[in-house]
């Protein structure tokens, strides 16, 4: 069991015991980058491409996936790109 202390604005601290399994990280073999392309015909392709996040664990991937806009919810012509980091 690992003890975690949560700090709250304007309130006391909360102390919670978490099973160690919840804090384990599962590394990926490579680091990955998620990029977003916002369609704009008046700009060069490279100028429309913005990095959203880098991740290198399964947990970080799912945290990102669960908090980004779904692909079906993107504006027409906009895309996500997933690139593997090359060393």
Among the residues of segment 23-30, are any surrounded by 10 or more Cβ atoms within 10 Å (Cβ to Cβ), under 12 Å from the mean Cα position of the chain (by Cα) and at pLDDT 95 or above? no
Return yes when residue 10 is at pLDDT below 85, exposed (fewer than 13 other Cβ atoms within 10 Å of the Cβ) and at positive phi and no when it is not. yes
Over segment 66-81, the set of residues in contact with a strand residue (DSSP E or B) (Cβ under 9 Å, 6 or more places away or on another chain) and loosely packed, with under 11 Cβ neighbours inside 10 Å is 71
Being exposed (fewer than 14 other Cβ atoms within 10 Å of the Cβ) and within 9 Å of the chain's Cα centre (by Cα) narrows 34, 54 down to just 54
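The values are calculated or read from the model by the stated rules, or taken from the named source; none is laboratory data. Small disclaimer: the values here were computed from a predicted structure and weren't measured. Reconstructed Cβ throughout: ideal geometry from the backbone, glycine too, with neighbour counts over all protein chains shown.
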